Amino acid sequence: MTISVPRKIMLATDLTPAGDRAFDRAVELASEWNAELVVMHVAESNSARPWGMDRRIRNAETEMEALVRSAKQTCKIVRHTVIGDPADRTLAHAHEFGCDFLITGPAHGKIIGEKYLGSTAARIVRRANVPVLAVRRRPEGPYGSIVAAVDFSDPSRRALLGGHALFPSARLTALHAYQIKPNWSGPNAERTLDIIESEERERAIKEAQHHMEDLITAAGAPALGSTILEGEPEAVLSDYVARNWPDLVVAGTHGRSEIEYDTIGSVAERFLMTLPCDVLAIPTRK
């Protein structure tokens, strides 16, 4: 899919105290892109506690009105409050309203055994067919530094190109993590481990550099930065974020169905839950 500047943004807000961070970022982007902003709150229905829903809706509408009045920049804002499952209703209304960009607060998940129980933000990311921005930090201006984790697959290429298309003025770095897999058998059986690993590392780096050059050329962004580091991809990205503190991480998703992956977090979902910065998840299916 080709990413273009959004015309209608939806902010899914739970109206918690930290929700103003996502709202401020949504207003900033709507102003920058000259887009309409739809602020959506879904009051989660609970059959065990059906009473008081009318009061909850009135309170939510009052809070949303106050939130809209707090906007620091000018853009067209409309509000909607509905009842139901937050992820389901957000996605359904985003489609109904023709929104081409979604914004949420950060994901908060817990782990049972080795499986993630996804938050509303993670469930939205898993099923959305438009980019989803999960906001964790309070905005301090436009995004200035962005890092995209790439493995040179088509999905990671499309995610990187999508990040560049949405934020062309930001400093964008493509980060690739490589892992060496020495062959200890055959002709290498009589050679020292250090020599075998050194040669395999040199080969992996040269191959990564070649692919990175092709990626930069395809992106059409000569100023695109690149970093190639050894290690497991998620660990490398986490360490890079901790050391360099970028404003935003871009990740690709494959648009998996809710039924197939209801409790197993994708890589993008784990980024949402673990990274201390904003995360932009871009669907990469064609």
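The values are calculated or read from the model by the stated rules, or taken from the named source; none is laboratory data. Everything quoted here is computed from the prediction, not taken from an experiment. All Cβ positions, glycine included, derive from the backbone under ideal geometry; neighbour counts span all protein chains shown.
Of note:
- Residue tally, condition surrounded by fewer than 18 Cβ atoms within 10 Å (Cβ to Cβ), among the small types (Gly, Ala, Ser) and in contact (Cβ under 8 Å) with a residue 24 or more places away in the chain, over the stretch 151-165: 1
- For Leu67, the criteria (1) in contact with a helix residue (DSSP H, G or I) (Cβ under 7 Å, 6 or more places away or on another chain); (2) under 25 Å from Ile282 (Cα atoms); (3) at pLDDT 85 or above hold in every case but one, which is (2).
- Just so you know, in the stretch 98-157 the residues that are modelled with pLDDT of 85 or more and among the acidic types (Asp, Glu) include one that is nearest to the chain's Cα centre (by Cα), and it is Asp100.
- Check on Thr81, at pLDDT 90 or above, buried (at least 17 other Cβ atoms within 10 Å of the Cβ) and polar (S, T, N, Q): yes
- Test: residue in the stretch 11-31 that is assigned to a strand (DSSP E or B), in contact with a Leu (Cβ under 7 Å, 6 or more places away or on another chain), under 17 Å from Thr120 (Cβ atoms) and touching a residue at least 40 places away in the same chain (Cβ under 8 Å): yes
- Just one residue in the set Ile57, Ile103 is in a strand (DSSP E or B) and either in contact (Cβ under 8 Å) with a residue 24 or more places away in the chain or exposed (fewer than 13 other Cβ atoms within 10 Å of the Cβ) (or both); that residue is Ile103.
- Ala35 satisfies every condition listed in (1) touching a residue at least 12 places away in the same chain (Cβ under 8 Å); (2) more than 24 Å from Pro283 (Cβ to Cβ); (3) not charged (D, E, K, R) except (2).
- Tally, over the stretch 177-213, of residues that are β-branched (Val, Ile, Thr) and either modelled with pLDDT under 80 or touching a His at 6+ places or on another chain (Cβ under 9 Å) (or both): 3
- The stretch 1-22, residues that are at pLDDT below 95 and not aliphatic (A, V, I, L, M): Thr2, Ser4, Thr13, Asp14, Thr16, Pro17, Gly19, Asp20, Arg21
- So Asp239, is it surrounded by 13 or more Cβ atoms within 10 Å (Cβ to Cβ), part of a helix (DSSP H, G or I) and among the acidic types (Asp, Glu): yes
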